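Scroll down for the structure; my scribbles are underneath it.
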Amino acid sequence: MDREVPLAVDVLRRAGFGSQVARLLEYPRNAPNGAILVAEGPGNSVIGVACTAAFATSGWIGAVGVAPEARRRGLGTALTEAAVRWLRSHGAATVLLYATEAGRPVYERLGFVSEERAVAWRGVAGAAPPLDLQRLADIDRSKIRALDLAATGERRDAVLDAIHPLAGVGAPGGVHGLAGYAIASPWGAGTAIAASSPEVGVALMAAATSGPAAGTLIVPDGNLAATDALHAWRFVRLNDALRMRLGREVAWRPEQQFGLFNLFWG
């Protein structure tokens with residue numbers, strides 16, 4: 001796989017994933033609950049890629065791309081089917097992904113159903129509710145897991161525990177001992193933010209993108225408080241993707257998600 005990773009990165013860049021896609025692949029490459037699946041072409045070349053991340057009874061497919069010269073051969077479908085099989089074999093009753101408009105028909109043919117869009121925004125935060133925030137530490141990990149489960153409906157302990165050191169802030173309180181967290185992602189542009197109330201969530205969004213340089217936040221459309229704050233701060237909309245599901249529904253709460261790690265596993 002080490003030989004194939006640079007080839008996979010090249011395919012994804014040519015498929016439109018941008019220059020930072022190599023960072024996104026670091027998690028599935030190194031994590032025991034993730035995998036990078038490739039379709040090989042002539043001369044041991046790589047012509048297609050799909051990545052996976054399994055979280056107990058749920059799993060994600062991301063970074064699905066086919067080299068331009070190998071399109072219209074059904075590779076996107078074949079890679080998605082292979083990723084679903086991999087996730088099923090690792091216990092995922094529900095398979096999730098974020099689809100572009102180009103990929104959506106492929107996933108619909110495989111039985112995926114649409115849930116909700118997430119939008120990537122970029123800018124510098126303005127005024128926010130005053131809140132006493134504290135730096136996150138290892139002692140907070142169990143609280144982070146509990147709050148994350150409440151917001152996402154998934155046991156994402158594997159990815160949360162892989163973040164060392166914890167780079168972010170939290171708001172004490174709430175039933176989990178933590179009313180909100182904001183954690184910088186080592187694998188993508190976004191900051192993961194979960195909060196039990198709009199006031200805490202917006203304050204954490206502001207803390208994550210207070211400047212001076214512009215920051216990126218990926219927010220579910222269903223979180224109206226977050227979207228209102230981004231409009232008020234005049235953030236620029238970058239792109240969006242549609243959350244889709246294969247299998248039973250996950251008890252997620254988009255109104256508690258004020259920032260996603262990325263459009264791979266949310």
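The values are calculated or read from the model by the stated rules, or taken from the named source; none is laboratory data. All figures in this text were calculated on a predicted structure; none of them were measured in a lab. Cβ: placed from backbone, ideal geometry, glycine included. Neighbour counts: every protein chain shown.
In table form, for the structure just shown:
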{"item": "Conditions (1) assigned by TED's automatic domain parsing to the domain that holds G34; (2) closer than 26 Å to A192 by Cα; (3) at pLDDT below 95; (4) of a type outside the set (A, V, I, L, M, F, W, C): number failed by T100", "result": "(1)"}
{"item": "Test result for I144, of a type outside the set (G, A, S) and either under 17 Å from the mean Cα position of the chain (by Cα) or closer than 21 Å to F264 by Cα (or both)", "result": "yes"}
{"item": "Hits in segment 90-108 - residues which are assigned to a loop (DSSP other than H, G, I, E, B) and either surrounded by fewer than 19 Cβ atoms within 10 Å (Cβ to Cβ) or of a type in the set (A, V, I, L, M) (or both)", "result": "H90, G91, A92, A93, T100, E101, A102"}
{"item": "Restricting segment 109-147 to residues that are assigned to a helix (DSSP H, G or I) and touching a residue at least 40 places away in the same chain (Cβ under 8 Å), the residue that is surrounded by the fewest Cβ atoms within 10 Å (Cβ to Cβ)", "result": "D140"}
{"item": "Any hit, segment 197-204, residues being within 18 Å of W252 (Cβ to Cβ) and surrounded by fewer than 24 Cβ atoms within 10 Å (Cβ to Cβ)", "result": "yes"}
{"item": "Neighbours by Cβ (under 8 Å, 6+ apart or cross-chain): first from segment 8-22, more than 14 Å from A67 (Cα to Cα) and surrounded by 16 or more Cβ atoms within 10 Å (Cβ to Cβ); second modelled with pLDDT of 85 or more and not hydrophobic (A, V, I, L, M, F, W, C)", "result": "V21/R13"}
{"item": "Hits in segment 229-266 - residues which are within 18 Å of G215 (Cβ to Cβ), surrounded by fewer than 21 Cβ atoms within 10 Å (Cβ to Cβ) and not hydrophobic (A, V, I, L, M, F, W, C)", "result": "H231, R234, R237, N239, D240"}
{"item": "Only listed residue being in contact (Cβ under 8 Å) with a residue 12 or more places away in the chain, outside any helix (DSSP H, G or I), farther than 17 Å from R3 by Cβ and outside the structural domain of D148 (by TED's automatic domain parsing), chosen from I36, I47, I61", "result": "I61"}
{"item": "Strands (runs of 3 or more DSSP E) fully within segment 166-213 counting 3 or more residues that are modelled with pLDDT of 90 or more and closer than 29 Å to F17 by Cβ", "result": "178-184, 191-195"}
{"item": "One residue from L79, L87 being at pLDDT 95 or above, more than 29 Å from A184 (Cα to Cα) and not hydroxyl-bearing (S, T, Y)", "result": "L79"}
{"item": "Near pairs, Cβ below 6 angstrom, 6+ apart or cross-chain, from segment 150-169 (closer than 14 Å to A192 by Cβ) to any residue that is of a type in the set (G, A, S) and at pLDDT 95 or above", "result": "A151/A194; E154/S58; G168/A182; V169/A182; V169/A207"}
